[in-house]
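Read the structure below first, then the notes.
Read-outs throughout are calculated quantities, based only on the coordinates presented, and are distinct from any laboratory measurement. Just so we're clear, the structure is a prediction, and the values are computed from it rather than from any experiment. For neighbour counting, all protein chains shown are included, and Cβ atoms are generated from backbone atoms with ideal geometry for every residue, glycine included.
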Amino acid sequence: MSPKTKAETATEKKPITRTVKKIGEPLASAKRLADATNSDQHHMAHVTKLALALFDKLTDLHGMGDRERLLLEVTAMLHDIGWSRTTDGGHHKHSRDMILEAELPGLTEDERMLCAQIARYHNKAEPDKSRHKGFAALKKKERAIVSWLAGILRAADGLDCTHRGAIRVGDCELAKKRLTISLAGRGGCDAEISGAEKKSLLLGRMVDRELVFRLCS
């Protein structure tokens, strides 16, 4: 086999460059949008970190890949931007609307719609195709993606309900009827554990197991 020419080598590298650009563009756009809304950047950054850690730990259960991980990351960065439009509740729906209105280069229209739906379901009502037209309009696979990622985001948000950034996700232990998520924390973390338990019902249904959050010493 003859050695590869410089032109051939350069051609092989182009898809990698395009992939990095496709990932970087929506993240940069999401960061600009979050900055423009004067949102709690520390909280949203920590929730993003927690959500991605949970996504990675649960890969064998949800079976999703890099693209869905990107959608989770973008949505986590933007999940609370709706507070810039309200002070008395319903911020999750405002977050959905603002994502739908935003320009997020690097995402398709369908992907932006999924991000909007995930943001809508990070708080309050869970996805329900019998009651929510926007969710019902999605394809079956898309509804599964929204439910999984919203479930992960809800749990991550609960783990930082105090906005202290005190919790880190450790190992996940999978049993037949239980999923134990080990956590490391600083200071008393009772509020964070309670917040996660309250907001993890959807994730529990998606993994089809009881969720247990265990704070390790």
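In debye, nearest 20, what is the charge dipole magnitude of the chain about its Cα centre with +1 on Lys and Arg Cβ and -1 on Asp and Glu Cβ, if you could check?
Dipole about the Cα centre, nearest 20: 480 debye.
For the chain, the relative contact order works out to 19 percent when only alpha carbon pairs closer than 8 Å and six or more residues apart are counted.
The alpha-carbon of LYS31 sits under 15 angstrom from the alpha-carbons of these aspartates and glutamates, leaving out residues fewer than 8 places away in its chain: ASP40, GLU73, ASP80, GLU103.
Fewest neighbouring Cβ atoms within 10 Å first, the residues GLU109, GLU68 line up as GLU109, GLU68.
List the pairs from LYS49/LYS141; LYS124/LYS198; LYS124/LYS177; LYS57/LYS177 whose alpha-carbon separation is above 21 Å, in the order I gave them.
Details: LYS49/LYS141 25 Å; LYS124/LYS198 11 Å; LYS124/LYS177 26 Å; LYS57/LYS177 17 Å.
In this structure, LYS49/LYS141; LYS124/LYS177 exceed 21 Å between Cα atoms.
Calculated FRET efficiency, THR162 to VAL212, Cβ-Cβ distance, R0 = 25 Å: about 0.80 to the nearest 0.05. Between the residues ILE145, THR87, VAL47, the greatest Cα displacement towards the positive end of the dipole of the chain, with unit charges on the Cβ of Lys, Arg, Asp and Glu, is found for ILE145.
With a Cα-only, solvent-free Debye model of region 8-161, what are the log10 I(q)/I(0) values at q = 0.11, 0.12, 0.13, 0.18 Å⁻¹? Log-scaled intensity ratios, in q order: -0.41, -0.48, -0.56, -1.06.
With a ≥ b ≥ c the root eigenvalues of the C-alpha gyration tensor of region 46-113, is it rounded (a/c under 1.5), prolate (a/b larger than b/c) or oblate? The shape class here is oblate. If R0 is taken as 22 Å, the Cβ-Cβ distance between ASN38 and LYS124 corresponds to a FRET efficiency of 0.45.
Looking at region 126-160, which trypsin sites (Lys or Arg not before Pro) are in a loop (DSSP not H, G, I, E or B) and have at most 10 other Cβ atoms within 10 Å?
Taking region 126-160 and a limit of 10 other Cβ atoms within 10 Å, the loop trypsin sites (Lys or Arg not before Pro) found are ARG131, LYS139.
From most to least packed by mean Cβ count within 10 Å, the peptides 46-59, 187-200 give 46-59, 187-200.
Fewest-first ordering of SER29, SER95 by other beta carbons within 10 Å of each residue's beta carbon gives SER29, SER95.
The slack between SER194 and THR59, meaning 0.36 nm per residue of separation minus the straight C-alpha distance, is 46.1 nm. Stretching the chain fully between ASP97 and ALA175 yields a gain of 24.2 nm (0.36 nm per residue, less the alpha carbon separation).
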